[in-house]
1. How about the stretch 190-214: which of its residues are open to solvent by less than 20 Å² (accessible area, probe 1.4 Å) and either aromatic (Phe, Trp, Tyr) or in contact with a Gly (Cβ under 7 Å, 6 or more places away or on another chain) (or both)?
2. Go over the candidates GLU101, GLU97 one by one and state the one that is assigned to a helix (DSSP H, G or I) and more than 16 Å from the chain's Cα centre (by Cα).
3. Considering only the stretch 58-87, how many residues are more than 11 Å from ASP107 (Cα to Cα) and in a loop (DSSP other than H, G, I, E, B)?
4. Based on what the data block shows, is ALA130 out of contact with any Pro (no Cβ under 7 Å at 6 or more places or on another chain), of a type in the set (A, V, I, L, M) and surrounded by fewer than 19 Cβ atoms within 10 Å (Cβ to Cβ)?
5. Out of LEU180, LEU149, report the one residue that is open to solvent by less than 10 Å² (accessible area, probe 1.4 Å) and either in contact with a Lys or Arg (Cβ under 7 Å, 6 or more places away or on another chain) or at pLDDT below 95 (or both).
6. Mind counting the residues in the stretch 182-193 that are within 12 Å of PRO85 (Cβ to Cβ) and under 19 Å from the mean Cα position of the chain (by Cα)?
7. Quick check on my filter: what residues within the stretch 65-86 are open to solvent by less than 40 Å² (accessible area, probe 1.4 Å), free of Cβ contacts under 8 Å to residues at least 40 places away in the same chain and under 16 Å from the mean Cα position of the chain (by Cα)?
8. Please go through the stretch 48-67 and give me each residue that is acidic (Asp, Glu) and modelled with pLDDT under 95, ordered by number.
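The values are calculated or read from the model by the stated rules, or taken from the named source; none is laboratory data. A quick note: this is a predicted structure, and the numbers were derived from the prediction, not measured. Backbone-built Cβ (ideal geometry, glycine too); neighbour counts: all protein chains shown. Protein only, heavy atoms only, side chains kept; ligands, DNA and RNA dropped before computing areas. Shrake-Rupley method; radii C 1.70, N 1.55, O 1.52, S 1.80 Å.
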Amino acid sequence: MIGSWLDQLSAEFEKDYMQQLRDFLIAEKAAKKVIYPHSDHTFAAFNETPFESVKVVILGQDPYHGPGQAHGLCFSVQSGVKLPPSLRNIYKEIHQELGLEMSGSGDLRPWAKQGVFLLNTSLSVEQGKAGSHQGRGWERFTDTAIQRLNEQREQLVFMLWGSHAQKKGAFIDTQKHCVLKAPHPSPLSAHRGFFGCGHFARANDYLKSTGQTPIDWTV
């Protein structure tokens, strides 16, 4: 029995590190600090893509820390918000690989609903302060989520962009899953191999070869 994300992760919420993380977040809000995403969206990646529905995993690092951007899915921004540079480069690569015309919306929920699990390493951040909630416990929680997928699911595609994601996904069983690695799509590194990586076509080829429905990458 695979079960739901709640079945897989409910025990984590009782552990000391998650209690400490909860206390930290409560204290930050009590100090009038603005935290992104809104608490309603903290676990959006899990809510949008059930455990048994995951086909593709994309790992990000921090939520966006500007107003109106983050809504709980890595690389995704709320509809109507200007595309961040990394997402713009992701769209360029999809167009180059597959010839798809993207709408201009940065809301990646259409991917999530098809089984693309858009997971950040940390699930919260203080406004204007990148990395401000790193080392508070989120990493352990999201490591556990990836471990559960690695152990209990088969024939998933993991897209690991940049050294951070590749380090976080180093334990993934490449005999059971398809692991794709490339530089990060950030403007600082995209030209070192993200452009031309072919990950979106390769992911769909793998899904089709294992009898799964490919992802429609159009947004």
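1. Selection gives PHE194, PHE200.
2. Being assigned to a helix (DSSP H, G or I) and more than 16 Å from the chain's Cα centre (by Cα) holds for just one of GLU101, GLU97, which is GLU97.
3. Adding up the residues that qualify gives 9.
4. Against the criterion (out of contact with any Pro (no Cβ under 7 Å at 6 or more places or on another chain), of a type in the set (A, V, I, L, M) and surrounded by fewer than 19 Cβ atoms within 10 Å (Cβ to Cβ)), ALA130 qualifies.
5. Working: LEU149 fails: either in contact with a Lys or Arg (Cβ under 7 Å, 6 or more places away or on another chain) or at pLDDT below 95 (or both).
Step by step, each of LEU180, LEU149 is checked, and only LEU180 is open to solvent by less than 10 Å² (accessible area, probe 1.4 Å) and either in contact with a Lys or Arg (Cβ under 7 Å, 6 or more places away or on another chain) or at pLDDT below 95 (or both).
6. 6
7. Residues satisfying the conditions are HIS71, VAL77, PRO84.
8. First, the residues of the stretch 48-67 that are acidic (Asp, Glu): 48, 52, 62.
ASP62 - this is the single residue of the stretch 48-67 that is acidic (Asp, Glu) and modelled with pLDDT under 95.
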